[in-house]
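The next block holds one structure in the form of structure tokens; read it before the comments.
The values are calculated or read from the model by the stated rules, or taken from the named source; none is laboratory data. The structure presented is a predicted model; accordingly, all values stated were derived computationally and were not measured. Positions of Cβ are generated from backbone atoms using ideal geometry, with glycine treated the same way; all protein chains shown enter the neighbour counts.
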Amino acid sequence: MPEKIVRARLDEESRMALRLMVRMGMTESEAVRTALVEAAAARSTDEALRAECERLMADPEQVAHTMRVRREMDELLPPWPE
């Protein structure tokens with residue numbers, strides 16, 4: 001598989017993160033690859049969650065059900081302390 005070489009200027013926060021990952025036993029290349037894969041996975045998860053929330057909020061029956069459940073849960077809670 002062909003490799004792609006990427007160059008980047010790191011700010012202080014990125015340098016510290018890279019230093020931490022290297023101290024944990026990774027090479028700089030492994031650390032950068034790991035960070036990119038983890039960042040992409042996190043963004044993908046965020047996008048999927050956002051899409052699911054938008055789908056549910058677009059369904060009036062689902063919104064009504066959610067509000068009913070919320071009211072029922074609120075009734076089970078003790079009064080908020082003053």
Single match in 13, 30, 3 (criterion: without any contact (Cβ under 8 Å) to a residue 60 or more places away in the chain and not in a helix (DSSP H, G or I)): 3
Of the numbered conditions (1) out of contact with any Ser or Thr (no Cβ under 7 Å at 6 or more places or on another chain); (2) surrounded by 10 or more Cβ atoms within 10 Å (Cβ to Cβ); (3) not acidic (Asp, Glu), residue 23 fails exactly one; give the number of that condition. (2)
Look at residue 66 and say whether it is outside any loop (DSSP other than H, G, I, E, B), β-branched (Val, Ile, Thr), more than 18 Å from the chain's Cα centre (by Cα) and surrounded by 11 or more Cβ atoms within 10 Å (Cβ to Cβ). yes
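So that you can scan it fast, the table gives a plain yes or no per residue for (1) more than 17 Å from the chain's Cα centre (by Cα); (2) on the phi < 0 side of the Ramachandran plot; (3) not in a helix (DSSP H, G or I):
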| position | (1), (2), (3) |
| --- | --- |
| 18 | yes, yes, no |
| 21 | yes, yes, no |
| 25 | yes, no, yes |
| 34 | no, yes, no |
| 39 | no, yes, no |
| 43 | no, yes, no |
| 48 | no, yes, no |
| 55 | yes, yes, no |
| 61 | yes, yes, no |
How many residues of region 5-16 are loosely packed, with under 10 Cβ neighbours inside 10 Å and either under 18 Å from the mean Cα position of the chain (by Cα) or among the basic types (Lys, Arg) (or both)? The answer is 2
Unmet criterion (only one of (1) surrounded by 11 or more Cβ atoms within 10 Å (Cβ to Cβ); (2) at pLDDT 95 or above) for residue 29: (2)
